[in-house]
Amino acid sequence: MGDYLVHHGILGQKWGIRRYQNYDGTLTPAGQKRLDKKELKLASKIDKRIHKRVYKSVKKELNNYLRTEVTPNIRKYNKDGKISSSYMNAYNRKLADLFNKKIGDIEVPSGRVIRYVANRGSMGITPGIADKGYDMRKVKNGVYASGRVAYTKKNIAYKD
C-alpha cells in the first residue's frame with residue numbers, strides 16, 4: 001500500500017459553524033471585511049457601466065467651471081510642464097461633486113451607498129462605499145490609490 005494525501009476540509013473548522021457570522025447573525029470582523037471586498041467589486045463593476053455616459057453629460061459643466069473659476073486663480077501647469085496639484089485637486093473635487101449629483105445614491109446590499117470621491121495625486125475619481133448619511137466633505141482632500149482617505153488613516157470602504 002502506497003502513501004497518499006487525504007484532505008478533510010479546513011483545519012479546525014467544525015460542521016455547521018460559519019466563519020463569517022456570529023450566532024446572532026451579525027458579521028465577524030472577517031465577515032465584514034469579506035462583505036466590503038464584495039461591495040467594492042460591485043462598485044467598480046457599476047462604475048465601468050455608467051462612467052462614460054455620465055462623464056459625457058457633465059463634461060460641459062466641468063469645463064465651464066474650470067475655465068471660469070479655476071483657471072483664473074490657479075495655474076494649470078507648474079514650472080516642470082506638469083499639471084499642478086492644485087488644479088488637479090480642483091478638477092477632481094468638482095468632477096466627484098458632479099458625478100454624485102448626477103447619479104444620486106446607488107445602494108449596495110448592505111444598505112450603504114456608492115459615492116464618488118476625488119483621487120489624490122492623479123487625475124480622476126474613484127467609486128467608494130459609504131454610509132447613507134456620510135458627509136462626503138470629510139473626504140474633500142481626496143483618496144489615495146490604496147483607498148486611504150487623505151490626511152486620515154481610515155479607508156473609504158469601511159464604516160466610520
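So which trypsin sites (Lys or Arg not before Pro) in the range 1-83 end up in coil per DSSP with only 15 or fewer other C-beta atoms within 10 Å? Here the trypsin sites (Lys or Arg not before Pro) that fit, given the DSSP loop and packing criteria, are Lys14, Arg18, Arg19, Arg75, Lys76, Lys79, Lys82.
Computed from backbone phi with θ = phi - 60° and the Karplus coefficients 6.51, -1.76 and 1.60, the 3J(HN,Hα) list for the range 92-102 is 5, 4, 5, 4, 5, 4, 5, 4, 5, 5, 5 Hz; x is used for glycine and proline.
For the range 29-139, the spread of Cα positions along the three principal axes, ordered from largest to smallest, is 49, 28, 24 Å.
Using DSSP to call loops (not H, G, I, E or B), can you name the chymotrypsin sites (Phe, Trp or Tyr not before Pro) in the range 20-109 whose Cβ has at most 11 other Cβ atoms within 10 angstrom?
Details: sites: Tyr20, Tyr23, Tyr55, Tyr65, Tyr77, Tyr87, Tyr91, Phe99; in loops: Tyr20, Tyr23.
Listed in order of number, the matching sites are Tyr23.
Values in this text are rule-based calculations from the coordinates and carry no lab data. Remember, predicted model here, so these are calculated numbers, not experimental data. Glycine gets a Cβ as well: all are built from the backbone with ideal geometry, and neighbour counts include every protein chain shown.
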